[in-house]
Structures are given as structure tokens and as C-alpha cells.
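Colleague: What follows is a single structure, and I will ask about it in a moment.
The values are calculated or read from the model by the stated rules, or taken from the named source; none is laboratory data. It should be emphasised that the depicted structure is a prediction, and the values quoted were computed from it without experimental measurement. Cβ placement follows ideal geometry from the backbone for every residue including glycine, while neighbour counts extend to all protein chains displayed.
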Amino acid sequence: MRRIQRLVARRPDLEALDFNQEEHLIFGEPFLPGLGFRSSEEMKVAWDVHRERLLAAYPGVMRPFASWKFDLLPVYGGLKSGESKYDYLVRHGLLEPAEDAR
């Protein structure tokens, strides 16, 4: 919690996201090009601040783009050729039992 408070203190403008910023975190692109985040670093700070809320809103395989970009792929590596996101999450033991109702 302290880390998020420090991030928000440095970038108070990211405490509340506008529509395009939220779309950028969820889908990887803002609704209107050029209106999302200016850099990957800015996007990462916003993701750190809003991670829990967005993960709760998009559970399971429908995880936000930022979850894949900043949390999953850097830690576990990329998807294997032809591997679905579901299979990737299963392979790494990342699905909760409630999520695993395919």
C-alpha cells in the first residue's frame, strides 16, 4: 500500500483514470489513438495503482492487457507457439479453481 501511495504522490494525475487510459490498460490501446499513456513507464505506474480493481473486474483468462504486459509475461515468459491464454495460465498454475470452469 505504501508503494502505491508513493506512486500516486509522484503522479497524482494517475490516481483517477480517464476513459482512454482505462481502455489502454484493459485492451492495450486507448479508444482514441494518442489519448492513452505517453509511455510504458507511465502505463506501468497507472497499472500499479489500479491493478487490484481492474483484475477484480476482469478475472480469469480475460485479464487486462496490462496484467499480461507487466505481471505475467516478464515473470513467466511468452506463450508457446499455438498456445491459448487459457493454456498458458493453466501451465503456470495461475488460474483459481473458480476461474478454471472452462
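Colleague: Does segment 26-39 contain any residue that is under 10 Å from the mean Cα position of the chain (by Cα), in a helix (DSSP H, G or I) and of a type outside the set (Val, Ile, Thr)?
Modeller: So far as segment 26-39 goes, yes, one or more of its residues are under 10 Å from the mean Cα position of the chain (by Cα), in a helix (DSSP H, G or I) and of a type outside the set (Val, Ile, Thr).
Colleague: Still on this structure: Among the residues of segment 13-25 satisfying the criterion of being assigned to a loop (DSSP other than H, G, I, E, B) and not hydrophobic (A, V, I, L, M, F, W, C), which is modelled with the lowest pLDDT?
Modeller: 15
Colleague: Can you tell me which residue among 102, 3, 91, 10 is at pLDDT 90 or above and on the phi < 0 side of the Ramachandran plot?
Modeller: Among 102, 3, 91, 10, only 91 is at pLDDT 90 or above and on the phi < 0 side of the Ramachandran plot.
Colleague: Working only within segment 27-66, note down all residues that are of a type in the set (A, V, I, L, M), under 21 Å from residue 85 (Cα atoms) and in contact with a Phe, Trp or Tyr (Cβ under 6 Å, 6 or more places away or on another chain). Give the steps one after another, and end with the answer.
Modeller: Filtering segment 27-66 for residues of a type in the set (A, V, I, L, M) gives 32, 35, 43, 45-46, 49, 54-57, 61-62, 66.
Applying the additional criterion that residues be under 21 Å from residue 85 (Cα atoms) yields 54-57, 61-62, 66.
Answer for segment 27-66, where residues must be of a type in the set (A, V, I, L, M), under 21 Å from residue 85 (Cα atoms) and in contact with a Phe, Trp or Tyr (Cβ under 6 Å, 6 or more places away or on another chain): 61, 66.
Colleague: Collect the residues in segment 40-88 that are part of a helix (DSSP H, G or I), farther than 18 Å from residue 24 by Cβ, modelled with pLDDT of 90 or more and in contact with a helix residue (DSSP H, G or I) (Cβ under 9 Å, 6 or more places away or on another chain), keeping them in residue-number order.
Modeller: Residues satisfying the conditions are 76, 88.
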